[in-house]
Amino acid sequence: MSFFRSPSSKATLIGLSAPVCWGMSVGMVRGITEAFGMAAGLAVFNWVTCLFLLLVIGLPKLSAFPKKFLLLGVPMGNLYTICFCLSLYLANGEQQTVEVGMINYLWPCLVVLFAVLFNGQKARWWLWPGVAISFFGVVMVLGGDRGIDLAELWQHILSNPWSYGLAFIGAVTWGAYSNLVRAWSNGQNPALVVFFIDALVFTALWAAGFGDLSHGTLHGWISVVLGAIAVGGAYAAWNYGVTYGNITILGVSSYFTPVLSCLFASLWLGASISGPFWLGVAVIVAGSLLCWHSTLER
């Protein structure tokens, strides 16, 4: 029972709830953009998320944040959420939505990679094969039932380059952001600040005519409320966990987010997920776990 009395262990346990919530995020955000368009639903979603975070973690003290984190770390968090939401909005159909989600879920191995490159984390040589295996898993996911034909795969990506490209930028951004939170946040939780700025951005886009709440469906409104709780809770839990807890244990848990995401997307969106797709997801998870294992002490 001493494990549960340790502040670091408690922070780790709180952080472990984040991957479960993130597993719901792809289906929820896609449901919001389908119901309300690009910006209207996401504006409401972000304001509801802000309200939820205000009740859970309270108002942040901006004066307690280092200036370099406010100038670089917080905008990086904004860049991730905007890239993630827009990549799902631009996806053509449920199948491509899940594919885009899997590209986004390269971030678990990138969290470890950037921790090694920029945060002083020690790792052994099989970190690099682990990264390569994760990327190969994404190639398998995109190949699907067609198999791995590089020319055909490239044409598949070119069929919607903005969606796939934004998903990849988001994965890189979140890997970097997670390490900046640990290194620069001074123990402060920036989740509410990030979502408040996101809310302002999407509200401005809504005012510019992108999206309309009048055509919203019950499914869309449920996605807004549940999505705000899931994503807002995940952000708060993850930031707290990586600041005070064991980042490598959290990394391991996050590696299974793609599996949870596929399960939830198949239920919430009715996406059909084939055997080769699941195999690619398994390869992504295996590569990420290999990355984590490379950081273990001898």
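The values are calculated or read from the model by the stated rules, or taken from the named source; none is laboratory data. Note that this is a predicted model, so its numbers are computed, not measured. Here the Cβ positions follow ideal geometry from the backbone for every residue, glycine too, while neighbour counts run over all protein chains shown. Surface areas here come from the heavy atoms of the whole protein model, side chains and all, with no ligands, DNA or RNA. Shrake-Rupley method; radii C 1.70, N 1.55, O 1.52, S 1.80 Å.
Which three lengths, in whole Å and largest first, does the range 15-66 cover when its Cα atoms are put on their principal axes?
39, 27, 21
Using a 1.4 Å probe on the protein chains only, how many percent of the accessible area of the chain belongs to carbon and sulfur?
Looking at the chain in its full context, I get 71 percent from C and S.
Report the rotationally averaged projected area of the range 7-132 based on its alpha-carbon convex hull, in square nanometres. Please list the in-between numbers first.
Working: hull surface 40.7 nm².
Approximately 10.2 nm², given one-decimal rounding.
Can you list residues from other chains, or at least 5 along the same chain, whose modelled amide H is less than 5 Å from the amide H of Gln121?
So Gln121 has HN proximity to Val116.
Using +1 on the beta carbon of Lys and Arg, -1 on that of Asp and Glu, and nothing else charged, what's the dipole of the range 121-233 about the Cα centre, debye to 20?
Dipole magnitude for the range 121-233 comes out near 540 debye.
Enumerate the amide H contacts of Met38 below 5 Å, restricted to partners 5 or more residues apart or on another chain; note that Pro and chain-start residues carry no placed amide H.
Under 5 Å from the amide H of Met38 lie the amide H atoms of Gly211, each far enough along the sequence or on another chain.
How big is the range 164-298 by Rg and Dmax over its Cα atoms, in Å?
Rg then Dmax for the range 164-298, in Å: 17.7, 59.
Taking 37 °C and 0.692 mPa s as the conditions, I'd like the Stokes-Einstein D for the range 152-238 in µm²/s, using the Kirkwood hydrodynamic radius from alpha carbon pairs.
Reported coefficient: 206 µm²/s.
I'd like to know which of Met76, Val181, Ala18 lies farthest towards the positive end of the charge dipole of the chain, counting +1 on Cβ of Lys and Arg and -1 on Cβ of Asp and Glu.
Towards the positive end, the residue furthest out is Val181.
Let me know the charge dipole size of the chain about its Cα centre in debye, to the nearest 20, where only the beta-carbon of Lys, Arg (+1) and Asp, Glu (-1) is charged. Kindly include the intermediate steps, with their values, before the conclusion.
Details: 11 positive and 9 negative charges, 242 e Å.
The calculated dipole for the chain is roughly 1160 debye.
HN-Hα J couplings of the range 285-293 from phi, Karplus 6.51/-1.76/1.60, θ = phi - 60°, integer Hz, Gly and Pro as x?
My calculation for the range 285-293 gives 4, 4, x, 5, 5, 5, 4, 4, 4 Hz in order.
Quick one: the Cα spread of the range 92-207 along its three principal axes, in angstroms, biggest first?
Principal axes ranked by extent give 50, 48, 17 Å for the Cα atoms.
May I ask which residue of Ser272, Asn239, Gly101 lies farthest towards the positive end of the charge dipole of the chain, with charges of +1 (Lys, Arg) and -1 (Asp, Glu) on Cβ and the Cα centre as origin?
About the Cα centre, the residue reaching furthest to the positive side is Asn239.
At 4 °C and a viscosity of 1.567 mPa s, what translational diffusion coefficient does Stokes-Einstein give for the chain, taking Rh as the Kirkwood radius over Cα pairs? Give it in µm²/s as a whole number.
67
Calculate the length of the line joining the C-alpha centroid of the range 210-262 to that of the range 75-116, in whole Å.
12
Keeping every protein chain present and rolling a 1.4 Å probe, give me the accessible area per residue for the chain in Å². Please report the intermediate quantities before stating the final value.
On the way: 12770 Å² over 298 residues.
So the chain comes to 43 Å² accessible per residue, rounded to a whole number.
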